[in-house]
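Asker: Let me begin by handing over the structure; questions about it come next.
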Amino acid sequence: MGGAEYVQQALAGLGQAAGTGVDPALPLYATTFVVVDLETTGGAPDGGGITEIGAVKVRGGEELGVLATLVNPGVPIPPFITVLTGITQAMLVPAPPIEQVLPSFLEFVADAVLVAHNAPYDVGFLKAACARHGYRWPNPRVLDTAALARRVLGRDEVPNRKLGTLASYFRTATRPTHRALDDAKATVDVLHGLIARLGGHRVDTVGEAIEFARAVTPTQRRKRHLADGLPKVPGVYIFRAADDRPLYVGTSGDIATRVRSYFTAAEKRARMSEMLAAAERVEAIECAHSLEAEVRELRLIGAHAPPYNRRSKFPERMVWLKLTDGPYPRLSVVRSLADGDEVYLGPFGSQRAAELAAAGFHDALPLRQCTHRLSLRTVTPACALAELGRCPAPCEHRITPGEYADRAVAPFRAATATDPGAVVDALLARIGALAADQRYEEAAVVRSRLAAVLRATVRMQRLTALAGIAELAAARPAARGGWELALVRHGRLAGAGVSPPGMHPRSTIELIRATAETVPPGRGPVPRASAEESERILSWLERPETRLVEMSSGWASPAAGAARFCDLLSKIESAVSRQLSTERP
């Protein structure tokens, strides 16, 4: 091979259209491989530095084509590279630059699996060159013979996985010489030798070979059959133990693809490895669309509390912040609401979140914090908060019930039901005063309490608006035509379906309505569903492409409600995030 010689044998009868890619289920004997090797000037991939490309196209053990060319890197060749490869500066002067070679190379590798020894190195240089010169990298499937050798060959067979060592072990027809075409041809023989060993590992397809080359655990390989036969549709999947206990519940728009991913190198979570070891089968529940799948997942997790799910396991563990009865009400964190409870805020996911919001209200309003049961007839000694001016001392009757109701109760009631503006203004004024006194840490504490108040009021008002609608039908365009349909009753998904393309969705809505779950009304913002389910429904309904088809009543939020402070809440949360990032070591 001399100068800029470019050799490519005629390729006939390949039977693949450009751009179709390679099916991972294709048997190895029917897969077209392009084995490539590069020589470079050394250093990191930066779009240049390639001095030689050698590539061999093979399928079924037959050589289909060869591409070989020197490349002018546009920079001097380091002496140690010349010593290693034998490529001199004089050899590269007449060679084409990489931008002229790339079109032919990209055409050569189209619709094939790219193979290289230590593939990240060669692929890194090629991708960088494409990016630098404006060519789209085709993102082919890549098989690394070095990684595959580490999985197939033991230390008792070869001391290392260098190309020269493997070439000797497999007695390749061409010896590696640190020249691109020779090394590529040697890698072809190594590839064939490794493929011959894969049969004993029950690896028969190109997709299995690529995954086998990665760090897939023995458990993943042994349990891979659990993904067989699953449907490629939206739905929920359940990993079950030998006694049929649910171990893990998940959802996906393509059940089969998602479950297969648990048996690949991409799955690195330790708890998932433990779960796979205990799993004996996977159950699939097909759903009409993604919203139904998400809701079913939440309900299954809430019902069974699978040990390997971390979120949404105990939806009943919500807490509320309510105003107690009596002449001088106070805030109380409770696990459930009684029939007589009228003024409350929630639900909160934890007691800590509720207490943080309560602290915000205490900063803004003269609500008493003691837990005594106060009487209009008997005086109770005041606590330290009254002496510090933090409490109007209703215990000593320094404030009348009417004044207390106007100054403390009414603003809390307004914040939960309509407008939290008075509370927000008071907390912003307190933050400003603390900042002016350079008490920044205290100001940050009040800021976090303000965020908790806003988060809770915005959430509750959104949930209350949805839960008040007896029935709502909505539609969203389906990816393959037609409409995804959802029937929501009092914030709970009562029915779901898909209207086929070319058919008016109203007839499908009537079918869904006839078989939908009966959902009676109830009290509170989440009377018949978990807060998380109602929020998933809200997220689906609020997408720009979703259309409201029918509603039993209007869907509205207070004009001066908590939602008008969403921008303020976003700014606070961004500030907190930046503060945390700067405080991390």
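Asker: Taking V453 and the conditions (1) in contact with a Gly (Cβ under 6 Å, 6 or more places away or on another chain); (2) outside any helix (DSSP H, G or I); (3) not hydroxyl-bearing (S, T, Y), which numbered condition does it fall short on, given that it satisfies the others?
Answerer: Every condition holds for V453 apart from (2).
Asker: Mind counting the residues in the range 75-111 that are among the small types (G, A, S) and out of contact with any Leu (no Cβ under 9 Å at 6 or more places or on another chain)? Steps first, please.
Answerer: We begin by selecting, within the range 75-111, every residue among the small types (G, A, S); these are 86, 90, 95, 104, 110.
Still in the running and out of contact with any Leu (no Cβ under 9 Å at 6 or more places or on another chain): 86, 90, 110.
Selection size over the range 75-111: 3.
Asker: Among A338, A359, which is in a loop (DSSP other than H, G, I, E, B) and among the aliphatic types (A, V, I, L, M)?
Answerer: Values: A359 fails: in a loop (DSSP other than H, G, I, E, B).
Step by step, each of A338, A359 is checked, and only A338 is in a loop (DSSP other than H, G, I, E, B) and among the aliphatic types (A, V, I, L, M).
Asker: Of all residues in the range 220-271, how many are touching a strand residue (DSSP E or B) at 6+ places or on another chain (Cβ under 6 Å) and open to solvent by 60 Å² or more (accessible area, probe 1.4 Å)?
Answerer: 1
Asker: Give the range 349-385 a look and list any residue that's of a type outside the set (S, T, Y) and open to solvent by 60 Å² or more (accessible area, probe 1.4 Å), or say none. Step through it out loud before you land on a result.
Answerer: Of the residues in the range 349-385, the ones of a type outside the set (S, T, Y) are 349, 351-370, 372-374, 376-377, 379, 381-385.
Of everything in the range 349-385, those that are of a type outside the set (S, T, Y) and open to solvent by 60 Å² or more (accessible area, probe 1.4 Å) turn out to be G349, Q351, R352, E355, Q369, H372, R373, L376, R377, V379, P381, A384.
Asker: Also: Six or more apart or on different chains, Cβ under 8 Å: which pairs go from a residue in the range 260-275 that's farther than 24 Å from P231 by Cβ to one that's assigned to a helix (DSSP H, G or I)? Could you list them?
Answerer: Partner pairs satisfying both residue conditions: A265/E211; S273/T219; S273/Q220.
Asker: Is it fair to say V343 is over 23 Å from the mean Cα position of the chain (by Cα) and in contact (Cβ under 8 Å) with a residue 60 or more places away in the chain?
Answerer: Details: over 23 Å from the mean Cα position of the chain (by Cα): yes; in contact (Cβ under 8 Å) with a residue 60 or more places away in the chain: yes.
Answer is yes for this residue.
Asker: Checking I285 against (1) hydrophobic (A, V, I, L, M, F, W, C); (2) modelled with pLDDT of 90 or more; (3) buried (at least 22 other Cβ atoms within 10 Å of the Cβ), which single condition isn't satisfied?
Answerer: Of the numbered conditions (1) hydrophobic (A, V, I, L, M, F, W, C); (2) modelled with pLDDT of 90 or more; (3) buried (at least 22 other Cβ atoms within 10 Å of the Cβ), the odd one out for I285 is (3).
Asker: Quick one: which of G346, G302 is farther than 24 Å from C395 by Cβ, surrounded by 15 or more Cβ atoms within 10 Å (Cβ to Cβ) and in contact with a Ser or Thr (Cβ under 7 Å, 6 or more places away or on another chain)?
Answerer: Sole residue among the options that is farther than 24 Å from C395 by Cβ, surrounded by 15 or more Cβ atoms within 10 Å (Cβ to Cβ) and in contact with a Ser or Thr (Cβ under 7 Å, 6 or more places away or on another chain): G302.
Asker: Right, here's the next one. Among the residues of the range 518-548, write down those that are in contact with a Leu (Cβ under 8 Å, 6 or more places away or on another chain), open to solvent by 50 Å² or more (accessible area, probe 1.4 Å) and modelled with pLDDT of 90 or more. First the steps, then the outcome.
Answerer: Our first condition is that a residue be in contact with a Leu (Cβ under 8 Å, 6 or more places away or on another chain); within the range 518-548, this holds for 523-526, 529-538, 540-541, 548.
Next, from what is left, pick out any that are open to solvent by 50 Å² or more (accessible area, probe 1.4 Å): 523, 532, 535-536, 548.
Of everything in the range 518-548, those that are in contact with a Leu (Cβ under 8 Å, 6 or more places away or on another chain), open to solvent by 50 Å² or more (accessible area, probe 1.4 Å) and modelled with pLDDT of 90 or more turn out to be E532, E535, R536, L548.
Asker: Then there's this: Show me the helices (runs of 4 or more DSSP H) entirely contained within the range 31-132 in which 1 or more residues are among the charged types (D, E, K, R) and surrounded by fewer than 22 Cβ atoms within 10 Å (Cβ to Cβ). Write out each step before concluding.
Answerer: Details: elements: 79-85, 89-92, 98-109.
Hits in the range 31-132: 98-109.
Asker: Counting just the residues of the range 208-219 that are within 24 Å of the chain's Cα centre (by Cα) and crowded, with 20+ Cβ neighbours inside 10 Å, which one comes out farthest from S261 (Cα to Cα)?
Answerer: It comes out as I210.
Asker: Same structure again: Of the conditions (1) open to solvent by 10 Å² or more (accessible area, probe 1.4 Å); (2) in a helix (DSSP H, G or I); (3) in contact with a strand residue (DSSP E or B) (Cβ under 9 Å, 6 or more places away or on another chain); (4) not charged (D, E, K, R), A433 clears all except one; give me its number.
Answerer: (3)
Asker: Right, here's the next one. Take the conditions charged (D, E, K, R), open to solvent by less than 20 Å² (accessible area, probe 1.4 Å), under 17 Å from N118 (Cβ atoms) and modelled with pLDDT of 90 or more and apply them to D189. Does it pass?
Answerer: Working: charged (D, E, K, R): yes; open to solvent by less than 20 Å² (accessible area, probe 1.4 Å): no; under 17 Å from N118 (Cβ atoms): yes; modelled with pLDDT of 90 or more: yes.
Answer is no for this residue.
Asker: Still on this structure: Scanning the range 386-398 for residues that are assigned to a helix (DSSP H, G or I) and of a type in the set (D, E, K, R), which turns out most open to solvent (accessible area, probe 1.4 Å)?
Answerer: E387
Asker: So which residues in the range 138-183 are of a type in the set (D, E) and buried (at least 21 other Cβ atoms within 10 Å of the Cβ)?
Answerer: Applying the first criterion (of a type in the set (D, E)) to the range 138-183 yields 144, 156-157, 182-183.
The answer is D144, D183.
Asker: Within the range 510-563, count every residue that is without any contact (Cβ under 8 Å) to a residue 24 or more places away in the chain, among the acidic types (D, E) and under 20 Å from V458 (Cα atoms).
Answerer: Looking only at that region, the number is 1.
Asker: Looking only at the range 192-207, which residues are of a type in the set (G, A, S) and either open to solvent by less than 60 Å² (accessible area, probe 1.4 Å) or in contact with a Gly (Cβ under 8 Å, 6 or more places away or on another chain) (or both)? So that I can check it myself, show each step before the final result.
Answerer: First, pick out the residues of the range 192-207 that are of a type in the set (G, A, S): 193, 196, 199-200, 207.
G193, G199, G207, listed by residue number.
Asker: Among the numbered criteria (1) closer than 24 Å to E297 by Cβ; (2) buried (at least 16 other Cβ atoms within 10 Å of the Cβ), which one does A479 miss?
Answerer: Exception for A479: condition (2).
Asker: Take the conditions within 25 Å of S448 (Cα to Cα) and in a helix (DSSP H, G or I) and apply them to A405. Does it pass?
Answerer: Details: within 25 Å of S448 (Cα to Cα): no; in a helix (DSSP H, G or I): yes.
No.
Asker: So, one more: Please work out which residue is surrounded by the most Cβ atoms within 10 Å (Cβ to Cβ), limiting yourself to the range 486-513 and to residues that are touching a helix residue (DSSP H, G or I) at 6+ places or on another chain (Cβ under 6 Å) and within 16 Å of P234 (Cα to Cα). Walk me through it before giving the result.
Answerer: Filtering the range 486-513 for residues touching a helix residue (DSSP H, G or I) at 6+ places or on another chain (Cβ under 6 Å) gives 486-488, 490-491, 493, 495-497, 499.
Filter once more, keeping what is within 16 Å of P234 (Cα to Cα): 486, 495-497, 499.
Working: A486: 26, G495: 20, A496: 21, G497: 20, S499: 22.
The selected residue is A486.
The values are calculated or read from the model by the stated rules, or taken from the named source; none is laboratory data. Given the structure is predicted, the values throughout are model-derived calculations rather than measurements. Backbone-built Cβ (ideal geometry, glycine too); neighbour counts: all protein chains shown. To get the accessible areas, we keep the full protein, side chains included, count just its heavy atoms, and leave off ligands, DNA and RNA. Shrake-Rupley method; radii C 1.70, N 1.55, O 1.52, S 1.80 Å.
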